[in-house]
1. Can you check what the Kirkwood hydrodynamic radius comes to for segment 237-335, Cα pairs only, in Å to one decimal?
2. Sorted from fewest to most neighbouring beta carbons within 10 Å, what does the list 77, 117 look like?
3. For residue 59 and residue 311 in the same chain, what is the full-extension length gain: residue separation times 0.36 nm, less their Cα-Cα distance, in nm?
4. If you bin the C-alpha pair distances of segment 24-86 every 10 Å from 0, what whole percents do you get?
5. Fewest Cβ neighbours within 10 Å first, please rank 22, 292 accordingly.
6. Can you pull the Kirkwood radius for segment 1-125, inverse mean 1/r over Cα pairs, to one decimal in Å?
7. Based on DSSP, what percent of beta bridges with both residues in the chain are antiparallel, to the nearest 5?
8. Placing one identical point scatterer on every Cα of segment 178-309 and ignoring solvent, what is log10 I(q)/I(0) from the Debye formula at q = 0.14 Å⁻¹?
């Protein structure tokens, strides 16, 4: 059908629930909502989750909800991105869930139609597609390309895919470029971790280690707007410290999943992820002691025994001889240059 499917998709139910968490994004919000409601596919709903906005975002949401029955608006106390997404998941009635950040947008009129066709042709729990990154004013763009050859538009179990995903040259953890079957998410209790930065990294790893059937699509469907004032881009020392702490805790969570030892690329990736947090502490050295206190309580160095990297394995044996505190101080010393 050349990508254009004005699908009824069992109109007694909703096929896609598009969850849009939002907080003080009035300037961008109309672009986001408009990009969704212009989709030619019919069987979808938009879940707008206002995480306690203090600007005109609530007014805009109510305006759209009053005009379009596909839009459901909810307002909650501020709890962060993960909290808003989890709230939306619980309110969603669709078979598949899509996450769209409120300052971003879907690309084209037929994105949902293409995704519907792809899902119906395959048995898929999770669909991964490509983003297109724009500067804040949309004047520049950069496509994220997968550099390794994957099976495109065909199903594969994550058990045979996950080690390829977690290589340095082929990785995109954005939840916004994933479509997940709601029942699969609920059955496996795969919610976002509240109160943490880098929540997508943790969420996707846990999801893939449950071995869903995955379809990798070459469709570019998500417009990501790069904002210097966004949560991810904010650069003050306290935020950097919090991000570094969240990174090492995420690494610890993932390397403690039972089947991680069967996937050395994934394990090695999260060991690098752990060490990169030490590197980033270079920007907030005044928090180094507090950071080490947290790192010393974690088990990541024990997992280095199974790493693909020889230096990681050396750190593991040093820990056996010298203890975790000494090894973490060594990592920090050579990171803070």
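Bear in mind that the values in this text are calculations on the coordinates, not laboratory data. Just so it is clear, the model here is predicted, and its values are computed rather than measured. Neighbour counts are summed over all protein chains in view; Cβ atoms, including those assigned to glycine, are modelled from backbone coordinates with ideal geometry.
1. 13.3
2. On the way: 77 7, 117 18.
Listing 77, 117 from fewest to most nearby Cβ atoms yields 77, 117.
3. Numbers: separation 252, 0.36 × 252 = 90.72 nm, distance 5.50 nm.
Here the segment from residue 59 to residue 311 would lengthen by 85.2 nm.
4. 21, 55, 23, 1
5. Starting with the residue having the fewest Cβ neighbours, the order is 292, 22.
6. On the way: mean 1/r = 0.0679 Å⁻¹.
Across segment 1-125, the inverse of the average 1/r is 14.7 Å.
7. 35
8. With one equal scatterer per Cα and no solvent, log10 I(q)/I(0) is -0.75.
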